[in-house]
Amino acid sequence: RVTLVESGGGSVQAGGSLRLSCTYSPSTSTDNYSRLNYMGWFREAQGKERVGIAAIKIGSGTSYLSDSVKGRAAVSQDTSENRIYLEMNNLKPEDTALYFCAAADRRSDCSGTNCLEDSRYKFWGQGTQVSVSS
């Protein structure tokens, strides 16, 4: 089973920056389809639905960002550390949310903005809170 642990959340003032990390423990199965294919970042603000904001293909590093964070966020990976990152700058109060890391194995694929659909993801972390004050 794949486990995901997010870190790096906290409280920042508007205009500030944060870097979230997600460390994953890959499946120990020898089945090639159990290897991770892509990972994503999602956020859920209080009283609102969870939305995808970033995704990255494991290995190639091809990444996708939602319009809500494009231009002030970047998603990256360090495969040697089994980790992905979400860096966000110029944070706004509307970025306040619980941020989740998610992963999909090779039984699933995505391209473009459909990589931001939460239904495509099989494994989820517990989330890390980001609070942005004005």
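The values are calculated or read from the model by the stated rules, or taken from the named source; none is laboratory data. Keep in mind the model is a prediction, meaning the values are calculated, not measured. Here Cβ is always computed from backbone atoms with ideal geometry, including for glycine, and neighbour counts include all displayed protein chains. We work out accessible area using only protein heavy atoms, side chains counted, and drop any ligands, DNA or RNA first. Shrake-Rupley method; radii C 1.70, N 1.55, O 1.52, S 1.80 Å.
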Just a yes or no: is a residue in the range 85-96 surrounded by fewer than 17 Cβ atoms within 10 Å (Cβ to Cβ) and more than 19 Å from residue 12 (Cβ to Cβ)?
no
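Anything in the range 74-106 that is in a loop (DSSP other than H, G, I, E, B), closer than 24 Å to residue 1 by Cα and not basic (Lys, Arg)? List them, or say none.
Those that are in a loop (DSSP other than H, G, I, E, B), closer than 24 Å to residue 1 by Cα and not basic (Lys, Arg): 79, 80, 81, 82.
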So which of 67, 109 is in contact (Cβ under 8 Å) with a residue 60 or more places away in the chain, surrounded by fewer than 17 Cβ atoms within 10 Å (Cβ to Cβ) and either assigned to a strand (DSSP E or B) or not hydrophobic (A, V, I, L, M, F, W, C) (or both)?
109
Does the range 70-79 hold any residues that are surrounded by 15 or more Cβ atoms within 10 Å (Cβ to Cβ) and under 16 Å from residue 22 (Cβ atoms), and which are they?
73, 74, 75, 77
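Residues checked against (1) hydrophobic (A, V, I, L, M, F, W, C); (2) farther than 18 Å from residue 128 by Cβ:
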site: 23; (1), (2): no, no
site: 43; (1), (2): no, no
site: 71; (1), (2): no, yes
site: 88; (1), (2): yes, no
Select from the range 25-60 the residues that are surrounded by fewer than 21 Cβ atoms within 10 Å (Cβ to Cβ), β-branched (Val, Ile, Thr) and closer than 17 Å to residue 120 by Cα and list them in ascending order.
51
Any idea how many residues of the range 44-64 are assigned to a loop (DSSP other than H, G, I, E, B) and of a type outside the set (Asp, Glu)?
10
What number goes with the only condition from (1) open to solvent by 20 Å² or more (accessible area, probe 1.4 Å); (2) in contact with a helix residue (DSSP H, G or I) (Cβ under 7 Å, 6 or more places away or on another chain); (3) not hydrophobic (A, V, I, L, M, F, W, C) that residue 82 does not pass?
(2)
Selection within the range 8-24 - more than 17 Å from residue 58 (Cα to Cα) and either open to solvent by 40 Å² or more (accessible area, probe 1.4 Å) or out of contact with any Leu (no Cβ under 8 Å at 6 or more places or on another chain) (or both):
11, 13, 14, 15, 17, 19
